[in-house]
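To start, the structure under review is shown below, and the notes come after it.
Throughout, read-outs are computed from the coordinates displayed, never taken from laboratory work. It should be emphasised that the depicted structure is a prediction, and the values quoted were computed from it without experimental measurement. Here the Cβ positions follow ideal geometry from the backbone for every residue, glycine too, while neighbour counts run over all protein chains shown.
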């Protein structure tokens, strides 16, 4: 059975994950490229990092997975890390750009 608003709950969880070097959550930074909820509440996330050499490369994806898995009813989380397309500051939301002084 599908959980109503599961995508919202997943988004809320993602928005609690911050890049350690930037005071903006990874959703607003534009690090999440894809988010899908499949039947039986399997969650697929495709994300990137601000840089392939990001010191938090191992920590951030695991934190995202852990926070999503903690949501009641989530069956499984598949997280794919990609650097294609490479991350640029253009991917940030207006909120993030304002927060970081890009606007």
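So here's what we get for this one:
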{"quantity": "R0 of 22 Å, Cβ-Cβ distance residue 33-residue 69: FRET efficiency to nearest 0.05", "calculated": "0.65"}
{"quantity": "Solvent-free Debye scattering, log10 I(q)/I(0), computed from the Cα coordinates of the chain at q = 0.16, 0.21 Å⁻¹", "calculated": "-0.67, -1.08"}
{"quantity": "The chain: relative contact order in percent, alpha carbon pairs under 8 Å with at least 6 residues between", "calculated": "29"}
{"quantity": "Extension gain from residue 59 to residue 83, taking 0.36 nm per residue of separation minus the Cα-Cα distance", "calculated": "7.0 nm"}
{"quantity": "Cα gyration tensor category, rounded, prolate or oblate, for the range 62-103 with a/c compared to 1.5", "calculated": "oblate"}
{"quantity": "The range 39-81, relative contact order in percent, only Cα pairs under 8 angstrom and at least six apart counted", "calculated": "63"}
{"quantity": "Choice from 42, 75, 53 showing the highest fluctuation, given a GNM over the chain with Cα pairs closer than 10 Å", "calculated": "53"}
{"quantity": "Beta bridge orientation in the chain: antiparallel %, DSSP, nearest 5", "calculated": "55"}
